[in-house]
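Each remark here refers to the structure printed beneath this line.
Just so it is clear, none of the values below were taken in a lab; they were calculated from the coordinates. The structure presented is a predicted model; accordingly, all values stated were derived computationally and were not measured. For neighbour counting, all protein chains shown are included, and Cβ atoms are generated from backbone atoms with ideal geometry for every residue, glycine included.
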Amino acid sequence: MKSAWLAPWSPTASDPLDARKAAHLLRRAGFGASPIEVDRALKDGLEATVERLFDEADDESKEFARTFESIAGTLVDFSDIGELRGWWAYRMVKTRVPLREKLALMWHGHFATSVDKVENSELMHRQIETLRRLAWGNFRDLVRAIARDPAMIVYLDGESNTKAHPNENFGRELMELFTCGIGHYSEDDVKSAARAFTGWHREGVEFVFKADEHDDSRKRFLGKTGKFDGGDIIDILMQHPETPRRIATKMLRFFAHPDPSPEVIEEATALFVRTRLDVKWFLRDLFQSQYFFSKDCYRSRISSPAEYVIGTVRTLGVRWAGTQVAEQLSNSGQALFAPPNVKGWDGETRWINSNSLASRASTASQLAFFEDDGPWSANYDLGALVDSSISEPSEVVDRLTQILFQGDLSDSTRKDLAELAVTPSSGSSPQGFREDPTIRSGQTRRLIHLLLTMPEYQAC
Amino acid sequence: MPTTRRTFLTQGAAGLSFVSLGGSMPGLFARVAEASVDSDANDHVLVVLELAGGNDGLNTVVPFEDPLYYKNRKRLSLPKDEVQKLTNLVGLHPMMGPLAGLFKEGELAIVQGVGYPKPDRSHFRSMEIWHTASVESLAPSTGWIGRCLDSVETSGDQAPRAMALTSSTPQALVAEHQVFPVVAQLDTFNPEEDARLESGQIRRRLMTGPEASGSLGFLRRQSNAVYKMADQLKLATERYKTGMEYPESALGAQLKRAAQIIAGRMGIRVLFASQDGYDTHANQLESHARLLGELASGLAAFRKDLTAQGLADQVVVMVFSEFGRRVDENASLGTDHGAASNLFLLGRKVKGGLVGKYPSLGELGEGDLIYNTDFRSVYATLLDQWLGCPSEKTLGQKFPTLGLVQS
């Protein structure tokens, strides 16, 4: 019998939704997994937890949204890229619905647009609001919206695309990167697409259709003929069989596994087609599938800087200024609103190199050790994470391992960590650790730093 | 070996004095001293220094006899008697005395009108063109130095062939098959404990771990590599012992670091540094003078340091900017983005002098200077003749090379 990878997984007594599986779901659908979130998931069960990923109706969420918008209105200058970055990072840290931000981040990389070229932070703000709004909607709506997005129009030279002098940049990327992918269209199709989008310009922060710049003549595109305009091109591309395959594969890679097998890709493509390109339906099924909870997918990915920094901040309950969080992301290779090129961020192994590992170590250091209570420093409640009454090094290690790994670290690793916590060269000792709260809290911070820097922690 | 002996003899006083100290230095340094007399492509280093913002070439290399210079810059033109004269037609900005000295010694080559076709006046785009060495609308994601070094054979244990002294990786160093480190960040990665202590060993074990498959295996290998690199860098900078005074500036610090790394003999080939602040749209005179003064004194200290370490023959410095600035001054006592500018090459092995023509101030392109040397010719020259990398492969096409370096 052919096994269906995306068939639903039903937790049973012998194969329950345990802390590790719950944290896996939370990490992938959001950023990190705090003990409170994990406990709630275990209490509510898989189905309710997945539903809640999409739920913004509860009082907490509404209150947060209200507060957040009022801050945005008064304290944030959206024309300043630093503040815009800080604002979004702050939202990612505080939100009750991290999936929306996570998807917005995925689409931001997919429809890559950089403030370095656009040079207008306000336009970037509006683009991300569009991506956030349509994050788990229909893929067709996303493409339609991005084709009219002023930041995208600037980024891919839409304003230079006129009837007299068509500019192929957007037409090409629309197919090569945003929909069906390279190898499924010809250069003539690129020319036709470019002509169809002529006149799709912007004025200030608004989209504007300049009819006198638009080529409304007959065009031939992917075997069809007609007086196509941009909307028609998008419709035709949504019908292209490669489009759902590419997007389904992208979502698999982003949420499930960095290198899914052809069989899984086929199933996911069929699913996405069945949903008529509905992202929410697709993800709801993926997040409850046997594949998603298989050993293959568990901790199979490498965390992006956003997952690393924001995940850690959320898991440990760190209070840190949004602008500081955003800076950590930039230092680690994921500057918000500035993907390196049209292909966005390559991700996975490309996140990890000498620079980014050094940056993560630096983030871990600032997170773990900062005693300074200044407004820009990271701050968290150590006592809330590890009760001060826990005085055995091995027990402290166990507690931290539970928070950060749901206990998933080898015995020998835990033993090494417990030994490090009492080494004289770091001002500690077995007795000092047990009896002196100052030594204990200092060593606990050191352990947190180590855990955050270890290779195991870079996996997601 | 004949080559060795000849280079040894031609190195002059600096080389001799370095080697003559061999007897009193620890074995490591003596080995290093032997290595220094072997001059071939393997030892050549290129330091790429980017002047970020668009350096005003016209006030850097000044055509002090051209009436159009004074006519177009009634307030920004530099007084003729203060210009550091190189020939009877051009001179350097008053603050660049040390470089005028180098020019007289034949160690400074100035490519007078460098640029590329269809000049782009956007910082982002023009920098991308210089870094990727491509004028195509869809720029490659790799940089010219990255592509060059990707084609160089490197064993697994070899320290990285390029490093950035800036705070983040420049696009020029982006390669397909390797990642070049940013030195400032490597410093933060140094293990807090001494590897000789038992706790250091435990820590090392935690950070590198046993072999594993999949993502974890990859992560452990990477972590291991970073540790080794940080160790190598630490060791290299410990070998560097000099009392050389560098100017107190961000650039001075980068150049000092460059000297440390080169002296560490890690097999480095390219170092990338950057000096920011050249986007002088307003009140240019003071800021430009400060920047060029920093530049000149930094480069002078660097040259002095390399000479003292017997490394002067091995290093060429290339100084470039993403574009020059407009001939006309603007209403804010500054200048706006332009096109062609000049490029400097410094080093004992550089064939000093003026290269190419000084762009005409009378025949402009959209108000800007027109280039007569494509920057990719400079790259091709350095790739083929200094770094031993195939320029046609790296740049995607053949560019005529110039007589800029002695082999």
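Going down the table (A:Lys102/A:Lys163; A:Lys102/A:Lys224; A:Lys117/B:Lys80; B:Lys256/B:Lys351), which pairs top 31 Å between alpha carbons?
On the way: A:Lys102/A:Lys163 38 Å; A:Lys102/A:Lys224 37 Å; A:Lys117/B:Lys80 40 Å; B:Lys256/B:Lys351 24 Å.
Correct reply: A:Lys102/A:Lys163; A:Lys102/A:Lys224; A:Lys117/B:Lys80.
Working note: Karplus 6.51/-1.76/1.60 with θ = phi - 60° gives the stretch B:103-112 the couplings 4, 4, 7, x, 9, 10, 10, 10, 7, 6 Hz, where Gly and Pro are set to x.
Considering the stretch A:406-460 at the alpha-carbon level, its Rg and Dmax are found to be 12.0, 36 Å.
If I model a spin label at B:Arg290 and A:Asp346 as a point 7 Å from the Cα along the Cα→Cβ vector, what separation in nanometres do I get? If labels sit at B:Arg290 and A:Asp346, their model points lie 3.9 nm apart.
The phi torsions of the stretch A:264-272, fed into the Karplus equation with coefficients 6.51, -1.76 and 1.60 and a -60° offset, translate into couplings of 5, 4, 4, 4, 5, 4, 4, 4, 5 Hz, rounded to whole numbers, with Gly and Pro shown as x.
Note that the stretch A:16-33 has calculated 3J(HN,Hα) couplings of x, 7, 9, 4, 5, 6, 5, 5, 4, 4, 5, 4, 6, 8, x, 10, x, 8 Hz, one per residue in order, obtained from phi through the Karplus relation 6.51 cos²θ - 1.76 cosθ + 1.60 (θ = phi - 60°); glycine and proline are x.
Residues whose amide H lies under 5 Å from that of B:Val62, counting only those 5 or more places away or on a different chain, are B:Gly91, B:Leu92, B:His93; hydrogens are built 1.01 Å from N in the peptide plane.
Most exposed first by the Cβ proxy, i.e. fewest other Cβ within 10 Å, how do A:Trp200, A:Trp136 rank? Don't skip to the end; give the middle numbers.
Working: A:Trp200 23, A:Trp136 19.
Taking fewest neighbouring Cβ atoms as first place, the list is A:Trp136, A:Trp200.
Taking the Cβ-Cβ separation of A:Asp381 and B:Ser332 as r and a Förster radius of 41 Å, what is the calculated FRET efficiency to the nearest 0.05?
Working: r = 51 Å, r/R0 = 1.25.
Efficiency at R0 = 41 Å is approximately 0.20.
Distance between the modelled labels on B:Glu65 and B:Lys234, one decimal in nanometres: 5.9 nm (7 Å Cα→Cβ projection). Approximating the spin labels as points 7 Å out from Cα along Cα→Cβ, the A:Asp80-to-B:Glu105 distance works out to 4.7 nm.
Counting pairs of alpha carbon atoms under 8 Å apart in space and at least six apart in sequence, what relative contact order in percent does the stretch A:1-141 give? Before the final figure, lay out the partial values.
Details: 90 pairs, mean separation 31.2, N = 141.
Relative contact order, the stretch A:1-141: 22 percent.
Rank the residues B:His281, B:His123, B:His177, B:His44 as a footprinting-exposure proxy: fewest other Cβ atoms within 10 Å of their Cβ go first.
Values: B:His281 15, B:His123 18, B:His177 11, B:His44 22.
Starting with the residue having the fewest Cβ neighbours, the order is B:His177, B:His281, B:His123, B:His44.
Close amide H contacts of B:Gly338 (hydrogens built in the peptide plane, cut-off under 5 Å, sequence separation of 5 or more or a different chain): B:Gly324, B:Arg325, B:Arg326. Kirkwood radius and radius of gyration were both taken over the C-alpha atoms of the protein assembly as shown, and their ratio Rg/Rh is 0.99. Our analysis of the stretch A:203-270 gives Rg over Rh at 1.18, with the two radii drawn from alpha carbon positions and Rh computed by the Kirkwood formula. Working note: Cα atoms of the stretch A:255-336, range along each principal axis, descending, whole Å: 43, 28, 23.
The stretch A:1-77 and the stretch A:191-248 have their alpha-carbon centroids 37 Å apart. Rounded to the nearest 0.05, the FRET efficiency derived from the C-beta distance between A:Ala13 and A:Ser410 at R0 = 22 Å is 0.25. Mean sequence separation of contacting Cα pairs (under 8 Å, at least six apart), scaled by the length of chain A, corresponds to a relative contact order of 19 percent. For the stretch A:57-99, the equivalent ellipsoid built from the Cα gyration tensor has semi-axes of 20, 12, 5 Å, listed from largest to smallest. Taking a temperature of 37 °C and a viscosity of 0.692 mPa s, what whole-number D in µm²/s does Stokes-Einstein yield for the stretch B:207-304 with Rh from Kirkwood over alpha carbon pairs? For the chosen part, D equals 201 µm²/s. One Cα centroid belongs to the stretch B:328-360, the other to the stretch B:47-107; the line between them spans 8 Å. The order of B:Met244, B:Met127, B:Met96, going from fewest to most other C-beta atoms within 10 Å of their C-beta, is B:Met244, B:Met127, B:Met96.
A compact globular protein would have a Cα radius of gyration near 2.2 N^0.38 Å; the ratio found for the stretch A:290-370 is 1.18.
Restricting the calculation to alpha carbons of the stretch A:97-300 gives Rg and Dmax of 17.6, 58 angstrom. Please report the relative contact order for chain B, taking Cα pairs under 8 Å with a sequence separation of at least 6, and give it as a percent rounded to a whole number. Worked out over chain B, it gives 28 percent.
Calculated on the Cα set of chain B, radius of gyration then Dmax: 22.2, 73 Å. Stretching the chain fully between B:Met244 and B:Lys80 yields a gain of 55.7 nm (0.36 nm per residue, less the alpha carbon separation).
Counting 0.36 nm for each residue step from A:Arg274 to A:Lys62 and taking away their Cα separation leaves a gain of 73.1 nm.
What separates the Cα centres of the stretch A:97-127 and the stretch A:273-346 is a distance of 14 Å.
Other protein chain C-beta atoms within 10 Å of residue C-beta, averaged over A:112-125: 1.
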